[in-house]
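So the structure is just underneath, and the comments pick up after that.
The values are calculated or read from the model by the stated rules, or taken from the named source; none is laboratory data. Owing to the predicted nature of the structure, the values given are computational and were not obtained by experimental measurement. Cβ atoms come from the backbone with ideal geometry, glycine included; neighbour counts cover every protein chain shown.
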Protein chains: 2
Amino acid sequence: MTLTSSPIAVADDPLPSWNDTAAKQSIVAFVEKVTQPGSPDFVPADERVATFDNDGTLWSEQPYYFQLAFALDRVKEMAPDHPEWNTQQPFQGVLEGNLKAVMAGGKKSLIEIVAATHAGMTAEEFEQIVTKWISTAKHPKSGRLYKEMVYQPMLELLAYLRANDFKTFIVSGGGIEFMRPWTEATYGIPPEQVVGSSIKSRYEVRDGKPVIVRLPEIDFIDDKEGKPVGIHSHIGRRPIFTAGNSDGDWAMLQYTTIGRSPSFGLIVHHTDADREWAYDRESHIGQLDKALDDAEQKGWTVADMKQDWKVVYPSK
Amino acid sequence: MTLTSSPIAVADDPLPSWNDTAAKQSIVAFVEKVTQPGSPDFVPADERVATFDNDGTLWSEQPYYFQLAFALDRVKEMAPDHPEWNTQQPFQGVLEGNLKAVMAGGKKSLIEIVAATHAGMTAEEFEQIVTKWISTAKHPKSGRLYKEMVYQPMLELLAYLRANDFKTFIVSGGGIEFMRPWTEATYGIPPEQVVGSSIKSRYEVRDGKPVIVRLPEIDFIDDKEGKPVGIHSHIGRRPIFTAGNSDGDWAMLQYTTIGRSPSFGLIVHHTDADREWAYDRESHIGQLDKALDDAEQKGWTVADMKQDWKVVYPSK
């Protein structure tokens with residue numbers, strides 16, 4: 001509910017941080033045709049579902065996912081209670097700042113880090129940990145709070161869609177409970193409209209108080225073919241608008257747009273090494289290869305960050 | 001969006017089908033105090049989450065859950081393609097109208113029936129099957145369409161809460177995809193605000209068309225201690241208002257009200273054998289025993305159907 005629409009800006013130009021290029025024009029043309037009563041492309045308000053990837057689509061994701069930065073910070077904070085971590089990978093690598101040693105353990109290491117930092121507490125405790133981190137942790141390169149590394153043009157797009165009676169959802173490979181504590185204040189997206197990866201949890205009563213306990217076991221991975229499944233499970237209808245930035249969003253783009261008309265697929269292409277980062281086909285984080293190849297044939301709109309966005313981040 | 005609020009009724013008396021007894025008075029008092037700016041019990045609009053059980057709380061559930069009636073109808077409709085069912089339980093029992101033989105197989109039989117009738121098709125196909133059934137199938141005793149056996153006082157309660165900026169959710173042990181096709185038209189609750197039990201599903205492309213395929217494997221049971229887990233997973237915040245009618249709602253009532261203030265727990269007590277059914281402690285369907293014992297001590301409001309409701313079903 002912060003950072004979002006000012007009514008005047010919306011009335012005047014709904015997307016003031018977008019240059020007046022093809023990307024912006026196609027977004028506006030789509031929104032106008034689906035909201036125009038009597039138009040053959042009119043879509044009733046309750047079917048205007050829009051889904052957004054988070055990492056690399058709504059906020060930055062370099063040099064590695066911000067949730068990993070959170071996890072590494074947690075390891076350091078928890079280390080005094082875990083002397084064994086000093087000689088035990090992947091934790092030793094984290095504590096020594098040797099990310100190469102951490103990554104050498106592959107997926108297994110990441111799961112160990114997630115289990116140690118994301119499970120074993122109640123949902124409420126985890127929410128407090130995330131809230132504290134997101135309010136204070138800063139990105140080493142930009143010096144901004146991580147939550148200030150959201151994309152101003154995308155905030156405007158979210159607000160523009162909502163002003164046109166779209167319901168906006170996040171559908172991210174990131175952890176659902178890592179996002180929910182701050183998405184409402186940051187994006188105007190309430191917890192119940194956040195879909196993400198999850199670990200299992202259990203209901204119990206502790207000291208007379210009902211709690212949800214977070215368990216060290218993966219429940220659902222909301223990435224690639226998981227995204228349409230997550231959308232189906234949480235939302236129960238196909239979106240008509242989807243935005244992503246990597247091949248992890250390819251299935252969601254396909255699910256949203258193929259054989260579904262009217263529909264809109266948007267790809268954020270990271271082309272701006274000066275203001276943000278430039279990466280696509282070869283990147284380990286946010287690899288964009290197949291979706292970039294397919295965009296033209298599938299009718300997906302590519303937003304070129306350098307060319308199409310007047311600014312990247314909100315002014316502080 | 002049908003059957004729900006008429007603005008005049010809301011202005012006049014928000015709950016016209018409720019007698020002016022303690023149950024109604026306590027509901028109104030709760031809504032007024034949490035929506036009154038400046039009140040010590042004021043709750044911001046975006047935290048006004050209300051969750052409703054479905055079977056026995058929003059519509060009837062006797063002589064057995066309506067979803068079971070749907071499944072039995074499906075078995076009969078599918079039988080011509082399954083000659084083996086004539087000599088194979090539990091299907092033989094269904095086809096011969098011998099429910100005792102079906103039930104003799106216990107949970108295993110029910111899972112077989114669910115797998116045969118609820119899985120193996122796409123989500124879209126299942127939605128069409130449910131939509132057709134719910135539009136035409138009638139209850140043998142009342143002669144009404146099943147979807148007309150919803151409780152008028154509860155429709156008014158849903159509308160009253162929404163008029164006061166509550167977000168209303170269903171949290172039911174029933175199948176999430178069995179409910180979603182009709183909850184918006186019937187209750188004003190859109191698919192994304194329905195939480196229920198689910199089977200697993202998979203995303204794939206069939207004949208160039210993206211589809212969600214329903215798999216014959218239980219994913220999640222949204223009952224008892226599962227309800228708080230389902231709420232946590234789908235909604236991501238604790239409700240302040242919950243309505244249920246059986247011990248299956250006990251954990252949800254506890255999660256909503258214990259150590260959470262202000263909060264409201266409502267139990268629909270089936271006491272009206274003339275207009276609906278009368279059952280509680282000994283019933284196999286919708287057993288209400290522990291929650292009835294605990295209601296007074298926990299501060300949960302019991303709505304006595306016979307005493308507190310002027311009408312049960314909407315006039316046709």
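Can you name every residue in region B:300-316 that is over 14 Å from B:Q25 (Cα atoms), surrounded by 13 or more Cβ atoms within 10 Å (Cβ to Cβ) and not aromatic (F, W, Y)?
Residues of region B:300-316 that are over 14 Å from B:Q25 (Cα atoms), as a first pass: B:305-306, B:310-316.
From the residues that got through so far, the ones that are surrounded by 13 or more Cβ atoms within 10 Å (Cβ to Cβ) too are B:305-306, B:311-314.
The answer is B:M305, B:K306, B:V311, B:V312, B:P314.
Just to be sure, is B:D249 without any contact (Cβ under 8 Å) to a residue 24 or more places away in the chain and under 18 Å from the mean Cα position of the chain (by Cα)?
no
Within region B:209-228, how many residues turn out to be outside any helix (DSSP H, G or I) and at the interface with another protein chain (Cβ under 7 Å from one of its Cβ atoms)? Working first, answer last.
Within region B:209-228, the subset outside any helix (DSSP H, G or I) is B:209-225.
Subsequent filtering for residues that are at the interface with another protein chain (Cβ under 7 Å from one of its Cβ atoms) retains B:209-210, B:212, B:225.
Within region B:209-228, residues that are outside any helix (DSSP H, G or I) and at the interface with another protein chain (Cβ under 7 Å from one of its Cβ atoms) number 4.
Only one of these is of a type in the set (G, A, S) and at pLDDT below 95: B:G208, B:G196. Name it. Lay out the reasoning, then the answer.
Numbers: B:G196 fails: at pLDDT below 95.
On inspection, the qualifying residue turns out to be B:G208.
What about B:N54, is it under 18 Å from B:T186 (Cα atoms), in the same structural domain as B:A303 (by TED's automatic domain parsing) and either modelled with pLDDT under 95 or not hydroxyl-bearing (S, T, Y) (or both)?
yes
Here is a list of conditions, (1) surrounded by fewer than 23 Cβ atoms within 10 Å (Cβ to Cβ); (2) in contact with a Phe, Trp or Tyr (Cβ under 8 Å, 6 or more places away or on another chain), and A:F178 meets all of them except one; can you say which number that is?
In the conditions (1) surrounded by fewer than 23 Cβ atoms within 10 Å (Cβ to Cβ); (2) in contact with a Phe, Trp or Tyr (Cβ under 8 Å, 6 or more places away or on another chain), A:F178 misses (1) alone.
Against the definition (surrounded by fewer than 19 Cβ atoms within 10 Å (Cβ to Cβ) and within 14 Å of chain B (Cβ to nearest Cβ)), how does A:E124 come out, yes or no?
So A:E124 fits the description; yes.
Would you check if there is a residue in region A:68-79 being part of a helix (DSSP H, G or I), more than 30 Å from A:Y279 (Cβ to Cβ) and of a type in the set (A, V, I, L, M)?
For region A:68-79, residues part of a helix (DSSP H, G or I), more than 30 Å from A:Y279 (Cβ to Cβ) and of a type in the set (A, V, I, L, M): present.
Please go through region A:172-198 and pick out each residue that is assigned to a helix (DSSP H, G or I), facing another protein chain (nearest Cβ under 9 Å) and touching a Gly at 6+ places or on another chain (Cβ under 7 Å).
A:I176, A:R180, A:P191, A:E192, listed by residue number.
Considering only region B:243-261, state which residues are away from chain A (no Cβ under 12 Å) and either polar (S, T, N, Q) or part of a loop (DSSP other than H, G, I, E, B) (or both).
Listed by number, the residues that qualify are B:N245, B:S246, B:S261.
Name the residues in region B:248-270 that are in contact with a Phe, Trp or Tyr (Cβ under 9 Å, 6 or more places away or on another chain) and surrounded by fewer than 19 Cβ atoms within 10 Å (Cβ to Cβ), would you?
B:P262
Could you figure out which of (1) assigned to a loop (DSSP other than H, G, I, E, B); (2) more than 8 Å from chain A (Cβ to nearest Cβ) isn't true of B:G236?
(2)
Just to be sure, is B:P210 under 19 Å from B:F70 (Cα atoms) and either buried (at least 22 other Cβ atoms within 10 Å of the Cβ) or more than 12 Å from the chain's Cα centre (by Cα) (or both)?
Working: under 19 Å from B:F70 (Cα atoms): no; either buried (at least 22 other Cβ atoms within 10 Å of the Cβ) or more than 12 Å from the chain's Cα centre (by Cα) (or both): yes.
No: the conditions fail for B:P210.
Looking only at region B:271-299, filter to residues that are among the aliphatic types (A, V, I, L, M) and either in a loop (DSSP other than H, G, I, E, B) or surrounded by 21 or more Cβ atoms within 10 Å (Cβ to Cβ) (or both); which one of those is farthest from the chain's Cα centre (by Cα)?
B:A273
For region B:47-59, state whether one or more residues are part of a helix (DSSP H, G or I), touching a residue at least 24 places away in the same chain (Cβ under 8 Å) and within 14 Å of chain A (Cβ to nearest Cβ).
Narrowing region B:47-59 to residues part of a helix (DSSP H, G or I): B:47.
Pick out the ones that are also touching a residue at least 24 places away in the same chain (Cβ under 8 Å) and you get B:47.
Next, only the ones that are within 14 Å of chain A (Cβ to nearest Cβ) stay: B:47.
Looking for residues that are part of a helix (DSSP H, G or I), touching a residue at least 24 places away in the same chain (Cβ under 8 Å) and within 14 Å of chain A (Cβ to nearest Cβ), one finds at least one in region B:47-59, hence yes.
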